[in-house]
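Engineer: One structure, pasted below without further comment.
The values are calculated or read from the model by the stated rules, or taken from the named source; none is laboratory data. Values in this document were obtained by computation on a predicted structure and should not be read as measured data. We place every Cβ from the backbone using ideal geometry, glycine too, and count neighbours over all the protein chains shown.
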Amino acid sequence: MKTNQVHREDNLVTVTLGTRLTAVEVPEFQLALKEQLASGAIHVVFDLSATESLDSNGIGLLVATSNSLRMVSGTLSVIHVADSIYRLLEAMRLTDRLHVKASGATHG
Amino acid sequence: MSARGRLRGLTTSLRPELTEVDAFCRRVFEVQRLDQYRDSGFGMELLLREFLNNAILHSDAPKGKRIQVAVRGRPSGILIRVTDRGRGFDWRRLQEAPPDPEATSGRGLAIGRIYARKMRYNQRGNSVRLWLSPQPHKETRNENQSSTS
């Protein structure tokens with residue numbers, strides 16, 4: 001099983017998620033991202049290529065990160081998103097705000 | 001519960017801890033992925049997580065009180081019931097639309113409306129029943145409703 005990883009390069013942070021971003025995993029990432037943003041990161045990429053489950057707590061983390069980055073003119077994107085998760089984020093009206101890119105070419 | 005079985009029914013109680021939700025979802029899907037409802041997997045897991053998490057994180061139940069959960073497979077689909085020991089909440093004040101995109105919380109019930117064919121709370125608001133069709137997530141919300149049982 002692919003595990004969660006946070007990789008920093010200059011002011012870019014890439015968060016590679018495991019199979020889930022749910023209420024159990026969110027506190028760990030909240031802390032890690034808070035530290036990264038406090039130390040100057042202004043671009044964050046969430047890679048969901050291995051992620052099969054996302055719940056409203058996980059969505060809350062993505063939105064909170066986006067909100068924080070907007071305050072410092074930073075950027076957030078969510079890439080390699082499975083169709084089922086894309087549809088969930090679409091239903092929540094978040095695909096534009098979070099710059100969500102699906103795994104396939106279907107959603108551009 | 002055998003992994004060779006069908007998703008006829010699983011009724012249990014969980015400690016009010018988030019890791020219990022993970023364990024329960026695994027138990028359900030050991031059976032469900034071999035079952036006629038396997039195509040409903042994402043929506044079913046999402047609903048289980050949302051409403052069990054709600055009971056754990058937002059209920060005012062006395063500390064340590066267990067949460068009742070039941071999942072039943074029926075010819076018309078799947079029925080999920082989640083009940084906590086709290087005083088409940090006023091589901092009549094729920095908003096129809098998903099929250100503002102800037103909001104960092106408040107999406108659980110919107111998800112219920114979208115992914116469940118029907119969602120009903122009891123009068124007190126501490127027990128919810130969710131019906132899923134055998135098919136995966138449908139985009140329409142027209143059939144969803146919140147009301148008393």
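Engineer: For the stretch A:1-27, what are the residues that are surrounded by 12 or more Cβ atoms within 10 Å (Cβ to Cβ) and within 14 Å of another protein chain (Cβ to nearest Cβ)?
Structural biologist: A:G18, A:T19, A:R20, A:L21, A:T22, A:A23, A:V24, A:E25, A:V26, A:P27
Engineer: Can you spot a residue in the stretch A:49-67 that is hydrophobic (A, V, I, L, M, F, W, C), in contact with a Gly (Cβ under 9 Å, 6 or more places away or on another chain) and either free of Cβ contacts under 8 Å to residues at least 12 places away in the same chain or not in a helix (DSSP H, G or I) (or both)?
Structural biologist: Yes: one or more hits.
Engineer: Would you check which residues across the stretch B:29-68 are at pLDDT 80 or above and of a type in the set (S, T, Y) and list them?
Structural biologist: Scanning the stretch B:29-68 gives a single hit, B:S59.
Engineer: Can I ask one more? If I go through the stretch A:25-48 residue by residue, how many of them are assigned to a loop (DSSP other than H, G, I, E, B) and either touching a strand residue (DSSP E or B) at 6+ places or on another chain (Cβ under 8 Å) or closer than 18 Å to A:M71 by Cβ (or both)?
Structural biologist: Summing the residues that are assigned to a loop (DSSP other than H, G, I, E, B) and either touching a strand residue (DSSP E or B) at 6+ places or on another chain (Cβ under 8 Å) or closer than 18 Å to A:M71 by Cβ (or both) in the stretch A:25-48 gives 5.
Engineer: For the condition away from every other protein chain (no Cβ under 14 Å), over 17 Å from the mean Cα position of the chain (by Cα), surrounded by fewer than 21 Cβ atoms within 10 Å (Cβ to Cβ) and of a type outside the set (A, V, I, L, M, F, W, C), what is the one hit in B:R72, B:R93?
Structural biologist: B:R93
Engineer: Counting just the residues of the stretch A:61-102 that are small (G, A, S) and touching a helix residue (DSSP H, G or I) at 6+ places or on another chain (Cβ under 7 Å), which one comes out modelled with the lowest pLDDT?
Structural biologist: So, considering only residues that are small (G, A, S) and touching a helix residue (DSSP H, G or I) at 6+ places or on another chain (Cβ under 7 Å), the one modelled with the lowest pLDDT is A:A102.
Engineer: Report the residue count in the stretch A:86-104 for those that are touching a residue at least 24 places away in the same chain (Cβ under 8 Å), aliphatic (A, V, I, L, M) and in a strand (DSSP E or B).
Structural biologist: Residues meeting the conditions: 0.
Engineer: At the interface with chain B (Cβ under 9 Å from one of its Cβ atoms) and crowded, with 18+ Cβ neighbours inside 10 Å: is that true of A:N67 in this structure?
Structural biologist: Numbers: at the interface with chain B (Cβ under 9 Å from one of its Cβ atoms): yes; crowded, with 18+ Cβ neighbours inside 10 Å: no.
Taking the combined requirement at face value, the residue does not satisfy it.
Engineer: Would you confirm, using the coordinates I've provided, whether A:V44 is at the interface with chain B (Cβ under 9 Å from one of its Cβ atoms), within 19 Å of B:T104 (Cβ to Cβ), out of contact with any Cys (no Cβ under 7 Å at 6 or more places or on another chain) and at pLDDT 95 or above?
Structural biologist: no
Engineer: So, B:P99, is that one of a type outside the set (G, A, S), at the interface with chain A (Cβ under 10 Å from one of its Cβ atoms) and part of a loop (DSSP other than H, G, I, E, B) or not?
Structural biologist: Judged against the criteria, B:P99 is a match.
Engineer: Here is a check on your reading of the model: is A:H99 under 12 Å from the mean Cα position of the chain (by Cα) and more than 8 Å from chain B (Cβ to nearest Cβ)?
Structural biologist: So A:H99 passes the test.
Let's see how each residue does on (1) in contact (Cβ under 8 Å) with a residue 60 or more places away in the chain; (2) part of a strand (DSSP E or B); (3) under 10 Å from the mean Cα position of the chain (by Cα):
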| position | (1), (2), (3) |
| --- | --- |
| B:S40 | yes, no, no |
| B:L47 | yes, no, yes |
| B:K63 | no, no, no |
| B:R81 | no, yes, yes |
| B:F89 | no, no, no |
